[in-house]
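Notes for the one structure printed next.
The values are calculated or read from the model by the stated rules, or taken from the named source; none is laboratory data. What you see is a predicted model, and the numbers here were worked out from it, not measured in a lab. Note that we place each Cβ from the backbone using ideal geometry, even for glycine, and neighbour counts take in every protein chain shown. When the accessible area is computed, the model is the full protein with side chains, heavy atoms only, and any ligands, DNA or RNA have been set aside. Shrake-Rupley method; radii C 1.70, N 1.55, O 1.52, S 1.80 Å.
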Amino acid sequence: MDFALSEELTLVRDMARDFARNELQPRAKGHDAGERIDPEVFAKITELGLWGLTVPESYGGSGLGNLALAVVLEELNWACASTGVTVSVHNSLVCAPILKWGSTAQKERWLPRLASGEILGAYSLSEAGSGSDAAALRATARRDGDSWILEGTKMWVTSGDIAGLLIAYMRSDPDVPKAKGITAFLVPTDTLGFHVGKKEKKTGIRGSSTVELIFDHVRVGPEAVLGQMERGFTIALDTLDGGRIGIASQAVGIGRACLEASILYSKQREQFGVPIGSFQAIQWKLADMSAQLEAARLQVHRAAWLRDRGEPCSREAAQAKLFASRVANACADECLQIHGGAGYTDDFHVERLFRDARITEIYEGVTDILRLVIARSLLA
Ligand SMILES: Cc1cc2nc3c(=O)[nH]c(=O)nc-3n(C[C@H](O)[C@H](O)[C@H](O)COP(=O)(O)OP(=O)(O)OC[C@H]3O[C@@H](n4cnc5c(N)ncnc54)[C@H](O)[C@@H]3O)c2cc1C
């Protein structure tokens with residue numbers, strides 16, 4: 001067993017780390033305040049080839065896989081979780097399912113454009129009435145000759161207002177209840193009848209846009225169907241296995257930023273005539289954060305490694321996200337506490353880390369749903 005990153009992955013990590021430290025972190029506060037990501041950041045991500053990490057070279061990506069994606073996402077999220085989730089969704093929720101379930105024509109049409117950053121991808125499963133119970137979705141796809149007419153309103157779509165392509169999950173067979181009547185459609189966002197609705201005002205990851213999408217008689221051809229008809233829910237869940245590894249990586253990145261900020265402040269801040277890091281109460285917090293983060297990272301890397309090998313990893317991905325997201329929130333809480341009153345102001349970025357960490361326990365499977373996934377696998 002080898003715990004070291006390969007030479008190639010070390011190079012990729014160092015490249016992402018340099019970018020995160022030098023270009024992303026200085027902009028993170030602006031992303032949060034301005035509720036958008038600086039276009040220069042998108043351009044730099046394109047230059048570094050981070051939009052196509054899981055896309056094979058034959059389709060214009062780097063073909064490095066899920067472990068590379070996890071390693072890169074930890075670095076990006078260390079600096080800016082808004083940028084981190086944008087890259088995660090694009091790679092794991094859009095590129096990956098097209099690669100796995102798409103026809104050759106769909107791969108040739110979409111993957112080079114996605115991998116090059118020419119267009120951004122978004123994943124549209126959730127609706128107002130169907131979050132954790134995603135199979136209860138009500139947006140419809142009605143057959144009209146050769147085409148499909150998409151109708152309905154989707155919620156919470158990350159990057160939905162800036163994406164060029166959506167994977168939209170629609171009820172194509174109204175007579176089949178829940179999971180079995182759902183189909184995945186590839187929908188270019190310049191299709192007539194497609195509108196962006198409300199943009200959410202969020203607690204954290206405020207630079208990442210989260211929007212409502214309205215499908216008002218959107219006509220797509222048969223070439224838009226991803227995988228087989230009525231297999232959409234299988235695709236959605238399989239895709240989420242990869243997505244959860246991405247969000248778990250996000251959690252590790254945020255948690256590591258909390259630990260590093262805490263170490264620095266513990267050395268600088270003096271009370272009772274000594275640095276607060278000399279108090280054992282502070283040392284224990286740092287030690288716990290470090291131990292938990294190491295354990296979280298190992299789970300993330302193992303789940304990514306399994307996915308790269310094509311092995312089932314639903315439980316491992318759910319476990320990694322369950323554990324890492326709770327660790328990130330625990331680290332953010334302790335980090336803010338270590339900073340005292342200063343941590344509760346925006347003079348330090350720890351208040352943003354505290355807000356950003358919270359989402360990792362909610363999207364791509366709330367904590368309780370992850371527990372259900374894990375328990376079902378254990379009891380099967
Ligand atoms: C910032 C952000 C970005 C998002 N991006 C996307 C995206 O790009 N694409 C997309 O499709 N969706 C996206 N989502 C939606 C996200 O996946 C859902 O918010 C999430 O699945 C939870 O659904 P819900 O919000 O409806 O909560 P609910 O499902 O209503 O849950 C409410 C509470 O009930 C609990 N609960 C629900 N069911 C059970 C159960 N069976 N057992 C125990 N407890 C339960 C939950 O744990 C939670 O505490 C995003 C959400 C946010 C906030």
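First check a/c for segment 1-76, with a ≥ b ≥ c the square roots of the eigenvalues of its C-alpha gyration tensor; if it is under 1.5, answer rounded, and if not, answer prolate when a/b is larger than b/c or oblate otherwise.
Cα axes put segment 1-76 in the oblate bin.
From the phi angles alone, apply the Karplus equation (6.51, -1.76, 1.60; θ = phi - 60°) to segment 321-329 and give each ³J(HN,Hα) in whole Hz, x where the residue is Gly or Pro.
Going residue by residue, I get 6, 4, 6, 5, 5, 6, 4, 4, 5 Hz, with x marking Gly and Pro.
Within segment 70-212, what percent of beta bridges assigned by DSSP are antiparallel, to the nearest 5?
Looking only at bridges with both residues in segment 70-212, the antiparallel portion is about 75 percent.
Dipole magnitude of the chain about its Cα centre, charges +1 at Lys/Arg Cβ and -1 at Asp/Glu Cβ only, in debye to the nearest 20?
Here the size comes out at about 620 debye.
Tell me, for the chain, which Cys residues have no other cysteine's C-beta sitting closer than 4.7 Å.
Result for the chain is C80, C95, C313, no neighbouring Cys Cβ within the cutoff.
Rounded to a whole number, what % of the accessible area of the chain do carbon and sulfur atoms account for, probe 1.4 Å?
53
Spin-label point model (7 Å from Cα, Cβ direction): what's the T10 to M229 distance in nm?
Placing both labels 7 Å along Cα→Cβ, they lie 5.4 nm apart.
Answer rounded, prolate or oblate for segment 164-205, using the Cα gyration tensor with square roots of eigenvalues a ≥ b ≥ c: rounded when a/c is under 1.5, else prolate when a/b is larger than b/c, else oblate.
Oblate is the answer for segment 164-205, as a/c is 1.5 or above yet b/c matches or exceeds a/b.
Please find, in a Gaussian network model of the chain (springs between Cα atoms separated by less than 10 Å), the residue of G204, G343, G84 whose mean-square fluctuation is greatest.
Greatest mean-square fluctuation among the candidates belongs to G343.
What is the extension gain from D146 to K201, computed as 0.36 nm multiplied by their sequence separation minus the C-alpha to C-alpha distance, in nm to one decimal?
Length gained between D146 and K201: 15.9 nm.
Of the candidates G255, G131, G34, which one comes out as most mobile in a Gaussian network treatment of the chain with C-alpha springs shorter than 10 Å?
Evaluated over the chain, the most mobile residue of the options is G34.
Of P97, I119, L11, which is farthest along the charge dipole of the chain in the positive direction, counting Lys and Arg as +1 and Asp and Glu as -1 at C-beta?
The listed residue farthest towards the positive side: P97.
Can you give the accessible area per residue of segment 210-332, in Å², using a 1.4 Å probe?
With the other protein chains kept in place, segment 210-332 gives 43 Å² per residue.
Would you please classify the overall shape of the chain from the alpha carbon gyration tensor, given that a ≥ b ≥ c denote the square roots of the eigenvalues, rounded means a/c under 1.5, and beyond that prolate means a/b larger than b/c while oblate covers the rest?
Prolate shape, in that a/c is at least 1.5 and a/b is the bigger ratio.
Going down the table (K154/K202; K198/K321; K29/K198), which pairs top 20 Å between alpha carbons?
The pairs that break the limit, which is 20 Å between Cα atoms, are K198/K321; K29/K198.
Filter the trypsin sites (Lys or Arg not before Pro) in segment 292-374 down to the DSSP loop ones having no more than 12 other Cβ atoms within 10 Å, then list what survives.
R309
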